[in-house]
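Everything below concerns the one structure shown next.
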Amino acid sequence: MSRWGMAIDLDRCTGCGSCMAACHQENNLTAVGPSEAALDRVFHWLRVLPEVSEAHAEVTVTYTPQLCVQCDKPPCVRVCPVHATYLSDEGIVAQIYARCIGCRYCMAACPYNAKVFNWYEPQWPGQLQAKANPDVSLRYKGVVEKCTFCHHRVLKAREDAALAGRGLRDGDVSTACEDSCPAKAIVFGDLDDPASRVSRLARSPRASRHHEDLGTEPKVYHLARKE
């Protein structure tokens, strides 16, 4: 059984936003528009957060992609009264949208601000709904959503490997954000495979996890920028 994780090299990230666009298209995320955004109802499963620093009269902007870190000890799972969010056998914090009652306890418990609430009936302007990914459900008003490491891609890769009479190999599964990144800053794979790219990056001296002191055991590693 795999334990899926991700490594993001902050030294490579240019802040282009390709990962955000790919995530929207792959997972059928709705566009909220300026009025909802003004109410702080921004709808992204993956955000690229800018950080501006000034030193010696020189302004530098760096970027940090932030998404659900798929905790091994997720606080959101513990507080959900209907078990709509749960930890899968492969370490993905998954969502059962039909079970969600919209209480948002999980959002309050998440220290990573990784979940979003669908405030209104989703709409896809123009031809976007016709281009919806059939492998991912269209969610309805009143449910909590978040990144699932493109779990539908994991299932498809596992089926393809089984048809080929073999197990999954490193590189068989990739997320939409990984595929779209022109700088190759994102690497996805099995953390329990010591030979996988993501496992090697997770052991890098540059690797760290956000809020490790909270004991949530995240599976997303950020590689610090090189000096």
Report task. Whole Å is fine, so just give me how far the alpha carbon centre of region 1-62 lies from that of region 174-227. Result -> 16 Å
**Report entry** Charged-residue dipole, Cβ positions (Lys, Arg, Asp, Glu), region 4-223 about Cα centre, Debye nearest 20
**Finding:** 400 debye
Requested in this report: For the chain, just give the cysteines left without a disulfide-compatible partner, judged by no other Cys Cβ under 4.7 Å.
Outcome: C13, C16, C23, C71, C80, C100, C103, C110, C150, C181
Query raised in the report: Over the chain, what is the mean sequence separation of C-alpha contacts under 8 Å (at least six apart), divided by residue count, expressed as relative contact order in percent?
Result: 30 percent
Query raised in the report: Label I101 and S53 with points 7 Å out from Cα along Cα→Cβ: what is the distance between them in nm?
Result: 4.6 nm
**Report entry** Which listed pairs, of K115/K184; K141/K184; K131/K184; K156/K226, have C-alpha distances above 31 Å, in listed order
**Finding:** K141/K184; K156/K226
Report summary line: Taking a label point 7 Å from the Cα of W119 along Cα-to-Cβ, the residues of region 27-68 whose backbone nitrogen sits under 17 Å from it are 30-45
Requested in this report: Consider the candidate values (1) 57, 46, 37; (2) 70, 49, 38; (3) 68, 43, 36; state which one is Cα extents along the principal axes in Å computed from the structure displayed.
Outcome: (1)
Report summary line: Taking R0 as 25 Å and r as the Cβ-Cβ distance between A164 and S204, the FRET efficiency 1/(1 + (r/R0)^6), rounded to the nearest 0.05, comes to 0.20
Report task. Pull up all non-local amide H partners of V48: gap of 5 or more, or a different chain, and H-to-H distance under 5 Å with H placed in the peptide plane. Result -> Q66
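Here, each number is a calculation from the coordinates, and none is a lab measurement. Since we're looking at a predicted model, the values are computed, not measured. Don't worry about glycine lacking a Cβ; one is built from the backbone with ideal geometry, like all the others, and counts go over all protein chains shown.
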